[in-house]
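This report concerns only the one structure given below.
Bear in mind that the values in this text are calculations on the coordinates, not laboratory data. All values reported here derive from a predicted model rather than from experimental measurement. Cβ: placed from backbone, ideal geometry, glycine included. Neighbour counts: every protein chain shown.
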Amino acid sequence: MIEFEIFGNKDTRSGFGEGLHELGMKNENVVALCADLTGSLKMDAFAKDCSERFFQVGIAEANMIGMAAGMTIGGKIPYTGTFANFSTGRVYDQIRQSVAYSNKNVKICASHAGLTLGEDGATHQILEDIGMMKMLPNMTVIVPADFNQTKQATIAIADYEGPVYLRFGRPVMPIFVRPDAKFEIGKADVLIEGSDVTIVACGHMVWKSIEAARILEEKGISVELINMHTIKPLDESTLLKSLNKTKCVVTAEEHMMAGGLGESVAQVITKNLLVPQEFVAVNDSFGESGTPMELMTKYHIDTADIVLASEKVISRKK
């Protein structure tokens, strides 16, 4: 029987806020910049206790990225914070030229990503950001699964030299990653071992995949679940080890089908091991205003969709 110890319920953006504050209290090179969303990004504690290293730049995201890139020249480790839409779509040119091309040690921290931003609607619900960021040379892309893992990732990326895109969100979700777990960039977590189908998920979709695995277990289907928290660099060895066993895969992400985790997995399959794949992702569509869970259901990235995709991909195995 599939069981996980639950350590409460909390949003992943709070994990970022706690991680940033803890990091700031012990590493004087860490600086934080925010584009007028300190409360939304949970950066208040850092702003209060590390005030001399906190910069409120206002609604000037392009300027924020330029400032952050400049600060790295003096040995600082800048963390920028705003909504994912403004962290990427609004400032892509600045990220490309001043951060990725220059290989600057900037940590681009993006909250309120995907459909689960909810009522703010399509203009704020970016679903293309993983693709935009993973295509940039030198960029590392991380999408942690819950509060604890977001906190762990926030702390871990300070020791990584180079640009990082850290993506998290607003909704309250169960916390299932152990608080003492070690976060390793580029090393996926196998949460459940199984033999019939591999489910590869990131972000909020990891919990949805756990729910799906329980339903599939009741149907006699054995799931291997991989939390692929690092989209780039992708942990190909863990993925291929699993696929050699299960011979099929479902990818689940709160992102557009084009350009996301599923596409990265498909590239690995094409090059190494041809097995059937089903995608649980938003299919070429903008979002709309609604509650997070309503939107996940409507746009077919909910628990039931992972179950259906798993059954379908199993039926396609040779």
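Overview of results
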| quantity | calculated |
| --- | --- |
| Simple spin-label estimate for residue 160 and residue 271 in nanometres, 7 Å along Cα-Cβ | 1.8 nm |
| Amide proton proximity set for residue 33, modelled H, under 5 Å, gap of 5+ | 55, 79, 80, 81 |
| Karplus (6.51, -1.76, 1.60) ³J(HN,Hα), θ = phi - 60°, over region 125-132, in Hz, Gly and Pro reported as x | 8, 6, 10, 10, 5, 4, x, 4 |
| Amide H contacts of residue 199 (H built 1.01 Å from N, under 5 Å, at least 5 apart or other chain) | 224, 225, 226, 250 |
| Added length on full extension, which subtracts the Cα-Cα distance from 0.36 nm per residue, residue 304 to residue 123 | 62.5 nm |
| Using θ = phi - 60° and Karplus 6.51 cos²θ - 1.76 cosθ + 1.60, couplings along region 81-90 (whole Hz; Gly, Pro as x) | x, 6, 4, 4, 4, 7, 6, 10, x, 6 |
| Electrostatic dipole magnitude of region 164-256 [Cβ: Lys, Arg +1; Asp, Glu -1; Cα centre; debye, to 20] | 160 debye |
| Kirkwood-Stokes translational diffusion coefficient of the chain, alpha-carbon pairs, 25 °C, 0.890 mPa s, µm²/s | 126 µm²/s |
| Order by protection proxy (mean Cβ within 10 Å, highest first), peptides 242-250, 6-14 | 242-250, 6-14 |
| Förster radius 25 Å - calculated FRET efficiency between residue 93 and residue 60 (Cβ-Cβ, nearest 0.05) | 0.95 |
| P(r) of region 189-309 over all Cα-Cα pairs, binned every 5 Å from zero, in whole percent | 2, 12, 24, 25, 20, 11, 5, 1, 0 |
| Placed amide H near residue 170: partners under 5 Å, 5+ positions off or other chain | 112, 113 |
| Kirkwood hydrodynamic radius over Cα pairs of region 68-118, then Stokes diffusion coefficient at 4 °C and 1.567 mPa s, in µm²/s | 113 µm²/s |
| Residue-wise HN-Hα coupling along region 302-310, computed from phi with Karplus coefficients 6.51, -1.76, 1.60 (Hz; x: Gly, Pro) | 10, 3, 4, 5, 5, 4, 4, 5, 5 |
| Theoretical gain in end-to-end length, residue 236 to residue 51 [0.36 nm per residue, Cα-Cα removed] | 62.5 nm |
| Inter-site label distance for residue 291 and residue 211 at 7 Å from Cα along Cβ, in nm | 1.2 nm |
| Length released on extending from residue 101 to residue 2, taking residue separation times 0.36 nm less the Cα-Cα span | 31.2 nm |
| Beta bridge orientation in the chain: antiparallel %, DSSP, nearest 5 | 20 percent |
| Two-site label geometry, residue 318 and residue 193: point separation in nm, points 7 Å out along Cα→Cβ | 2.9 nm |
| Options 226, 192, 272, ranked by Cα towards positive dipole end of region 189-309, top entry (Cβ charges) | 272 |
| Compactness of region 9-174 - radius of gyration and Dmax, Cα, Å | 14.1, 40 |
| Sequence ranges 44-50, 172-178, ranked by mean other-Cβ count within 10 angstrom, highest first | 172-178, 44-50 |
| Loop-located GluC sites (Glu not before Pro) in region 1-58 whose Cβ has at most 16 other Cβ within 10 Å (DSSP) | 3, 5, 28 |
